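As structure tokens, the structure follows; a few thoughts come after it.
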């Protein structure tokens, strides 16, 4: 998909209108409770109705050009950033070091990539993986707005093999596009072929000697990526910290069981995500063989 002209314009070009600023200000003051979330949904709907263009805002300490339509992640960041993975971000920030190695798999418009890159700087190793053409363009735009040229962007999907894979596009919410054809049977979707590779291949290609953290949000295909990797990776290449979207209802493999046997301990389960850290001294091979 071609990159639109808005991607070459400087930050601030799409300044919020008076109405948009008013709605965003209300959204940012909402409490993180049931009532706040109900009102937040209304605020995001109004922004979608009265916004035909992106809006430039600072979120999570980064400049971002966000779109009020067709991507739930961007809508949450724009109107109610206090609702955007606050627990996950706080726990991740505690892990950061100057030479942090971070993989953002399913990077979307780049919230996690920017969050880490702007905090660790050039000594860090940031790899953002995103196959959706529209999300990829928005990711690259947001990196450019922050002058982040040290993050590696991989325009592909991760799966259990190298080659290509069908990506089923959710037109209403591009962030929930999935490699699983039945992920949203209530929606009419189209599919596109995208490049894919295994996590082991990506690690070899990038020459990684350790992984400090992975954020993995791939709409139900998390087990396809992690189970093969955990079965063959040496302990030195196991991520110390994981944020995984909890899609156990559609996983075909016992990913949680394998993670526990490998030595991962759950720290938190916020926002339908799993936050885990590596503790017990056991090799991934031993855990896999012990199934």
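Bear in mind that the values in this text are calculations on the coordinates, not laboratory data. Here the structure is a predicted model, which means the values were calculated and not measured. Cβ coordinates were reconstructed from backbone atoms using ideal geometry, including for glycine residues, and neighbour counts include every protein chain displayed.
Data table
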{"read-out": "For segment 12-82: rounded, prolate or oblate by the Cα gyration tensor [a/c cutoff 1.5]", "value": "prolate"}
{"read-out": "Contact order relative to length of the chain, as percent, for alpha carbon pairs under 8 angstrom and 6 or more apart", "value": "13 percent"}
{"read-out": "Within segment 36-76: backbone nitrogen closer than 18 Å to the residue 13 label point (7 Å, Cα to C-beta)", "value": "52-58, 63-68"}
{"read-out": "At R0 = 35 Å, FRET efficiency that the Cβ-Cβ distance of residue 58 and residue 33 yields, to 0.05", "value": "0.90"}
{"read-out": "Inter-part distance where segment 162-176 and segment 16-48 are each reduced to a Cα centre, Å", "value": "29 Å"}
{"read-out": "15 Å cut-off, amide nitrogen to a point 7 angstrom out along residue 164 Cα→Cβ, residues in segment 208-226", "value": "none"}
{"read-out": "Residue order, fewest to most surrounding Cβ atoms within 10 angstrom, among 89, 179", "value": "89, 179"}
{"read-out": "Residue 119-residue 97 pseudo-label distance in nm [points 7 Å out on the Cα-to-Cβ vector]", "value": "1.5 nm"}
{"read-out": "Nitroxide proxy distance, nm - points 7 Å out along Cα→Cβ at residue 205 and residue 6", "value": "2.9 nm"}
{"read-out": "Spin-label model distance (nm) - residue 190 vs residue 271, 7 Å beyond Cα toward Cβ", "value": "3.0 nm"}
{"read-out": "Cα Rg, Dmax (largest Cα-Cα span) when computed across the chain, Å", "value": "18.8, 60"}
